[in-house]
Structures are given as structure tokens and as C-alpha cells.
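To start, the structure under review is shown below, and the notes come after it.
The values are calculated or read from the model by the stated rules, or taken from the named source; none is laboratory data. For clarity, every value in this text was computed on a predicted model and none was experimentally measured. Here the Cβ positions follow ideal geometry from the backbone for every residue, glycine too, while neighbour counts run over all protein chains shown. Surface accessibility is based on the protein's heavy atoms, side chains included, excluding ligands, DNA and RNA. Shrake-Rupley method; radii C 1.70, N 1.55, O 1.52, S 1.80 Å.
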Amino acid sequence: MEILRVDDSLVCTRRVAGLQQMSLRILRDSKGRRHVAVDPVGARPGNWVFTVSGSAARYATGDFAVLTDLTIAGIIDNWTTEPGEGQQAVGGGRLSA
Amino acid sequence: MEILRVDDSLVCTRRVAGLQQMSLRILRDSKGRRHVAVDPVGARPGNWVFTVSGSAARYATGDFAVLTDLTIAGIIDNWTTEPGEGQQAVGGGRLSA
Amino acid sequence: MEILRVDDSLVCTRRVAGLQQMSLRILRDSKGRRHVAVDPVGARPGNWVFTVSGSAARYATGDFAVLTDLTIAGIIDNWTTEPGEGQQAVGGGRLSA
Amino acid sequence: MEILRVDDSLVCTRRVAGLQQMSLRILRDSKGRRHVAVDPVGARPGNWVFTVSGSAARYATGDFAVLTDLTIAGIIDNWTTEPGEGQQAVGGGRLSA
Amino acid sequence: MEILRVDDSLVCTRRVAGLQQMSLRILRDSKGRRHVAVDPVGARPGNWVFTVSGSAARYATGDFAVLTDLTIAGIIDNWTTEPGEGQQAVGGGRLSA
């Protein structure tokens, strides 16, 4: 499972039926790369979360029929970024806390 | 799920039977790397899309028998590339909008 | 399976039901990146462990219903980091033993 | 699915029973890294192909019992490498056509 | 499937029950990173092997109940490292033959 930070919601009206009406979040990894995850726990922008991938991501939504490969599994209670972590990415740190 | 941009269609007459007649798209990630995805939503070159991978990619085509590991799951309504994102790749940015 | 080192426990009260009350550990790979794993073997901070991913991670917890994609599969008896390994990461070594 | 180029065949007499007598090909990605794939379509050295991974790779061989995680899914009709693509790898381009 | 070289055996007395008494090998990829794989073919240190990952790794052990995500699928008959390949890793080549 990976540690990511919630960046924003993703607006996407035209999508495959299998995603249903699940909330989609844009998450950032430690290199600033963006990923899209289904959010069954109600995370907000700025929250640090950890995500589950693969077929477990479908189960984690509470409905195996939801066609995701990445789901937020929990919101981390306390999290401190290490100095320099936001800047570690090749190409400039986009994870500026 | 990953955010990619549609680059082109892929012409491939000789393929395994399991792919059927599905439309194939070439997508580019933020580093300019190309990927091939099945497209059940009708994306066009230049569209930003997000993709689902793994076994969920087969379900997302609407037919589990389609042998893909990457399927376009939705077209993103609005998307703004951050300054410098197209140039972040090692080896030069090939994602020049 | 990957070789990682246990860093800390992860406190996360708000999580999906599928993770149950499993212990979560923060692990570090050789580049200093953090991952989250379920721990059914009782590893302690500083231990070198190897992890199993994918659907096998669910089986490895002893209960397939646990929604993880990374589980500690064993604690390595002896492990010596090679000189310079902690410093190999782009962006500075965070794996300072 | 990924785009790779066929490099050579792989000679491997001692193998697990699950691979049966399937042809194995060495493929190269855009960074020059080598991968091994089962080839049910009859690709030749120099061909650009795209591959399917995961459990779909087993189905793509036409026999789910074949234990592969990478299978050639099709031969691309036309493919032009972009200038400099063979040289994009960190450490020097090994994809010299 | 990936091409790796056998480095050593892994001694690990405390492990999850699902791994049974399978032999574990430490393998190195072309960047010198270490991975752990189950070995059903009897590879020796120095051998070049190729590995199968994902759920196929479980089948490849001959017993689906073995909880691995990486299994040695075959020993390569002949293999020549290309000049400079051992040195391609960022941070120094650890694959010195």
C-alpha cells in the first residue's frame, strides 16, 4: 500500500459504467506524480492517505463491481513530511506542503 | 488509475483473438512514455483520460473476455497541465501540448 | 517479493472496514521510499523483512478477506546492507541505518 | 499494454512445466531493458509488438494454464521511432536499431 | 517475465505459513536491486534465470497455495551481459559479474 496526499477531486462526467457514481480523487505521490483513486472514506484535499491497489481495490470500495485499481483505504492520523521530501522528485518537487 | 493523454490510434491487424475488434489507442504518460489501451468511451487524440489496469481493465471494456491490461475508464472534463510538466521527463519532454 | 526494512507503525483510525484491526507497518525500500504493509509476523522497527504483493498478500494475512496489497511474509535472519546502499537513492539516502 | 521490440529468442531448456513448449522472446523496452514474453503470434526479431501483462497474459496464449505474466498480443503494422527515443535511457541507449 | 541473476539464498526462519518450506533465492536485476523469489527449478548462485510474477507465480511453484509473487520459471542456457550493463544503474553498478 502506498502513502499519497489528496490533491483535488476529479471531474469526469463521461466514464465507463463500471465506476458508477464513486467519488474520484487526484492523489500525489512523493515525486509529485498524480494518480486517480476511488474514495470510500471521505478524504479531503491535503489529507495524507494510504491506498490499496489491484483486485483488493475493488473489494475496498465495498462493492466488488466497482472497476477501480486504486482505492483510498484509510486516512493517516498524523504525518510529517521529512525535510526535502517534497523536493526529491526529478524535475522539481510538486509536493510542496 | 493513471492520467494519460490520447496520442493516436494503433493500427495492428495481426493480433491475438482475445482482443477482438476493440479500438486501441496510444496514450502518453507525463514522462512521454507510450502505452496501449482499449478504448470503450470514444476518446480522441489530445483528450486527457484516466485508465484502469489489471483485471479491472477487462471488466471495464464491458466484456470480461477482452484480453487487455489497460482500458480507458473516463475522459477528464477539464485538465490543465502544470507549467513544466511536459518537460519533466528524463531525456526531454515529449509531451509537448 | 521485495526486501524492505520496518520503519514504524502507522496510526490510522479511519480506515475501510476490509482492513479489520490488522497491524500496519511503514516500510522503507532501498531508495528510502515508504510503503505500508500488513504485518502478521510481528516485525519490529529496524527488522529487515520481505514482502509479498498482489492477491497473495491477502492470503498471507491468514484471512483472504483482509484488503491489503502488501503483507510482510517473513523476517530475514541476517542482513547486511552493502556499503553505499543507503545512499543510492536519487535525492539523498533516507535509509540511514 | 506496452510497446516493445522483439530482440531475440530465449533458449531455456530447464523450465517449469507450466510454460509448456511455448516460444519465448526477448523484448526490449524504450530504455533498452530486456523482458521475456510468450509469443503466440509469431513475431520476428525487429518487429514492434505490444504486450499484455497480468492474468490476461495467460488467457492471451490461448491456454490459461500457460504460466506467463507477459504475452505478445499483436504486431504493430507501422511504427516509427521518434528521433532520440533509442537514446533516452539513463545510462545510454541500447535500443540502437 | 524478467531476467535476473541468482545472488544467494535467503535465510528466513520466521515466515508466514503460506510459504511452506520453499527455497527462497535472492535475485538481482540489471540495476543491482535485490528481489526474493521461490525457486522450484534448483538454480544456483550466478545462474541467469527468468521469473514469473503475479498470480502465475503461485501456479509456477506447482502448488497454488504457496504464497509467492515471484517464482523462478527457468534457467537460461546461455547469457552474455552486454558491456556496461552492470554499470547502468544510477548510483553505481552492483551487478559486477
- Taking the range B:40-64, which residues are under 18 Å from D:S55 (Cβ atoms) and not small (G, A, S)? B:T51, B:V52, B:R58, B:Y59, B:T61, B:D63, B:F64
- From B:R15, B:R25, residue being under 23 Å from D:T68 (Cα atoms) and among the basic types (K, R): B:R15
- Of the residues in the range B:27-38, those that are surrounded by fewer than 22 Cβ atoms within 10 Å (Cβ to Cβ) and either more than 8 Å from chain D (Cβ to nearest Cβ) or not in a strand (DSSP E or B) (or both) come to B:R28, B:D29, B:S30, B:K31, B:R33
- Answer with yes or no whether C:A65 is at the interface with chain A (Cβ under 10 Å from one of its Cβ atoms) and in contact (Cβ under 8 Å) with a residue 40 or more places away in the chain. yes
- Item | Tally, over the range D:39-54, of residues that are among the hydrophobic types (A, V, I, L, M, F, W, C) and more than 7 Å from every other protein chain (Cβ to nearest Cβ) | 3
- Item | Subset of the range B:10-26 that is without any contact (Cβ under 8 Å) to a residue 24 or more places away in the chain and assigned to a strand (DSSP E or B) - its residue that is nearest to the chain's Cα centre (by Cα) | B:I26
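Residue by residue, here is whether (1) at pLDDT 90 or above; (2) surrounded by fewer than 15 Cβ atoms within 10 Å (Cβ to Cβ); (3) of a type in the set (G, A, S) holds:
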site: E:P40; (1), (2), (3): yes, no, no
site: E:V52; (1), (2), (3): yes, no, no
site: E:A57; (1), (2), (3): yes, no, yes
site: E:L67; (1), (2), (3): yes, no, no
site: E:T71; (1), (2), (3): yes, no, no
site: E:P83; (1), (2), (3): no, yes, no
site: E:Q88; (1), (2), (3): no, no, no
site: E:G91; (1), (2), (3): no, no, yes
site: E:R94; (1), (2), (3): no, no, no
- Please enumerate the residues belonging to the range E:41-67 that are of a type outside the set (A, V, I, L, M, F, W, C) and part of a loop (DSSP other than H, G, I, E, B). E:G42, E:R44, E:P45, E:G46, E:N47, E:G54, E:T61, E:G62, E:D63
- Query: So how many residues does the range A:1-25 have that are at pLDDT 90 or above, within 10 Å of another protein chain (Cβ to nearest Cβ) and open to solvent by less than 10 Å² (accessible area, probe 1.4 Å)?
  - Reply: 2
- Within the range E:6-37, can you find the residues that are under 23 Å from D:V11 (Cβ atoms) and in contact with a helix residue (DSSP H, G or I) (Cβ under 9 Å, 6 or more places away or on another chain)? E:S30, E:A37
